[in-house]
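One structure below.
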Amino acid sequence: MAEPIPISAVVLSHNEAGNLPRCLRALRDCAEVVVVDDGSTDDSPRLAAECGARVVVHPFVSFADQRNWAMDSAGLQNDWVLHLDADEVATPELLEEIRRRLPAMSPGSAGFLARKVMLGEKWLRFSADYPVFVPRLVPRRGSRYAMRGHGDVLAAEVAESVYFEKPMLHHNFSKGWAEWRARHLRYAAAEAARIRTGLPPVSLRALLAADRAARRAAWRGLSYRLPGRPALRFLYAYGLRLGLLDGRAGLRFCLAMAAYERMIDAALRKPEAAQTP
């Protein structure tokens, strides 16, 4: 039997009884699995414990705050931390790649993971812009997170960005379309608040940056300066990125993401005091 992968896997949860077992079963080869629960009222804590995870409770403020609290206060036992949400699943191939590459990673580096967005059992290979990388494997004593709009990013640049080839799965629609819409209304309010604070200047250097995460952020910033963004988002995903090849699922996803852009526009039109991220 192989030795456990020497990482602490941290999973964020709030009423995730439908997602947690799938997420946690995939992490059985990790040396430690900790679920940070935001006072769930369903069976999430019990299911997490049955899957062998240690459950700690901490009120949710933001994704960044929850991940930082876990590294600072949850008593993690390993030097490296793999951060997941309950609707994400680390594939066996990804975990084996982490096992293989971890010894060569310096304490000043961070691992960026690509997510396959799933609609049911369908991988949205084209329409979801794969691969989009997120920083999820970080040293416990090193990098911390900060919120940028509704998403969490590393608060400071790292010495080396390590991009992993194998993906994790993101079951972004696992709670149904009504929950997806309610969640994205909150995300839109947070994104509008970020835009109000002022976007960084657009530079050709940033748009062509070698670092994928920095390059994507620059293009996203540019998109906020363009008119007709919802339609452009649809045309980009469905046409330019060949989302049409994902079939009906791809069409539905592209229409949903265009709707999200309209949510952001609507949030920007509201008085600032009315924003509730």
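The values are calculated or read from the model by the stated rules, or taken from the named source; none is laboratory data. Quantities reported herein were computed from a predicted structural model and do not represent experimental measurements. Because the Cβ atoms are built from the backbone with ideal geometry, glycine has one as well, and the counts that use them run over all protein chains shown. With ligands, DNA and RNA removed, areas are computed over all heavy atoms of the protein, side chains included. Shrake-Rupley method; radii C 1.70, N 1.55, O 1.52, S 1.80 Å.
Restricting Arg212, Arg194 to residues that are in contact (Cβ under 8 Å) with a residue 60 or more places away in the chain and not β-branched (Val, Ile, Thr) narrows the list to Arg212.
Against the conditions (1) open to solvent by 60 Å² or more (accessible area, probe 1.4 Å); (2) out of contact with any helix residue (DSSP H, G or I) (no Cβ under 6 Å at 6 or more places or on another chain); (3) without any contact (Cβ under 8 Å) to a residue 60 or more places away in the chain; (4) not acidic (Asp, Glu), Pro6 satisfies every one except (3). The condition (being modelled with pLDDT of 95 or more, among the aromatic types (Phe, Trp, Tyr) and in contact with a Gly (Cβ under 7 Å, 6 or more places away or on another chain)) is satisfied by just one residue among Phe112, Phe60, Phe126: Phe126.
Would you call Ala26 touching a Ser or Thr at 6+ places or on another chain (Cβ under 8 Å), under 20 Å from Trp180 (Cα atoms) and open to solvent by less than 40 Å² (accessible area, probe 1.4 Å)?
Details: touching a Ser or Thr at 6+ places or on another chain (Cβ under 8 Å): yes; under 20 Å from Trp180 (Cα atoms): no; open to solvent by less than 40 Å² (accessible area, probe 1.4 Å): yes.
Answer is no for this residue.
The residue of the stretch 11-23 that is least open to solvent (accessible area, probe 1.4 Å), among those that are out of contact with any Ser or Thr (no Cβ under 8 Å at 6 or more places or on another chain) and in a strand (DSSP E or B), is Val11. From the list Ala259, Ala231, Ala237, Ala267, the lone residue that is touching a Gly at 6+ places or on another chain (Cβ under 8 Å), under 24 Å from Arg186 (Cβ atoms) and in contact (Cβ under 8 Å) with a residue 12 or more places away in the chain is Ala237.
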